Amino acid sequence: MEASNVWRRVPSELIARIRADPARAPEHIALAAADLHGPAAAAWVAKHNARGVTDRPSLARLAKRNHARLSRLEGAATGLGGWTTTAADLVALAWVQSRLVFFVAGAYGYDPRDRMRPAELLVLTEVYSDVTAARDALDGAGRHMALAYAQSRLAGRGGRKDNRLLVSLAAFAGRHAAERGLGRYIPFVGAPLNAVANELDTRRLADRAMLFYGG
């Protein structure tokens, strides 16, 4: 599976918004996730409840397993291209991880379609420190922390648009990507490393979401 296939899983409208306004990629992803993943998560929970699966921690663990697998497959696909597929990897990983948070919220009985879910997503991915600030940013009334993070990281780098995209995506889904080693960016060699790293990151996010919603 080619990296371009991973990009096609992400709505084309979202990709266009990210490319046009890369520093605010986390907010764009969170809002698009609310539109698409919220209803999908609600339907997923309703389907399992109708089958008699009502134990909330069990549903949350199922969501964790499913999305860990998705992130592993995504990481293997984009890892084949090495450094050239880094942006595609981070966008696709962010899309999988955003879906995970909505499904975990739904598993614990929270309405995945509630307007606070995208704000909670930004807090769980550590873009914002509290849900009020995140919701204000999503509404356009507050400071965009992802933008501030990107600008601080780009000081002295010339502010190139491709750099803004990678840094803002790293603020959302791959902040620790650089710590995983350069081997993950070598074509073919990077595929298994990328798959494992993305799965581990997704499992960690799932654990934070399960603690947040499940107590």
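The values are calculated or read from the model by the stated rules, or taken from the named source; none is laboratory data. Bear in mind the structure is a predicted one, so any value in this text is a computation, not a measurement. Reconstructed Cβ throughout: ideal geometry from the backbone, glycine too, with neighbour counts over all protein chains shown. The area values use the complete protein model at the heavy-atom level, side chains included, leaving out ligands, DNA and RNA. Shrake-Rupley method; radii C 1.70, N 1.55, O 1.52, S 1.80 Å.
Structure values in brief
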{"quantity": "Built amide H within the under 5 Å cut-off of residue 128, gap 5+", "calculated": "123"}
{"quantity": "Largest-first ordering by accessible area, 1.4 Å probe, given options 53, 10", "calculated": "53, 10"}
{"quantity": "Whole-Hz ³J(HN,Hα) from phi, Karplus 6.51 cos²θ - 1.76 cosθ + 1.60, for region 31-47, glycine and proline x", "calculated": "5, 5, 5, 4, 5, 9, 6, x, x, 5, 5, 4, 5, 5, 5, 4, 5"}
{"quantity": "Neighbourhood net charge (12 Å Cβ-Cβ; Lys/Arg +1, Asp/Glu -1) for residue 65", "calculated": "+4"}
{"quantity": "Accessible surface, 1.4 Å probe, highest first, among residues 12, 129", "calculated": "129, 12"}
{"quantity": "Extension gain from residue 35 to residue 66, taking 0.36 nm per residue of separation minus the Cα-Cα distance", "calculated": "9.1 nm"}
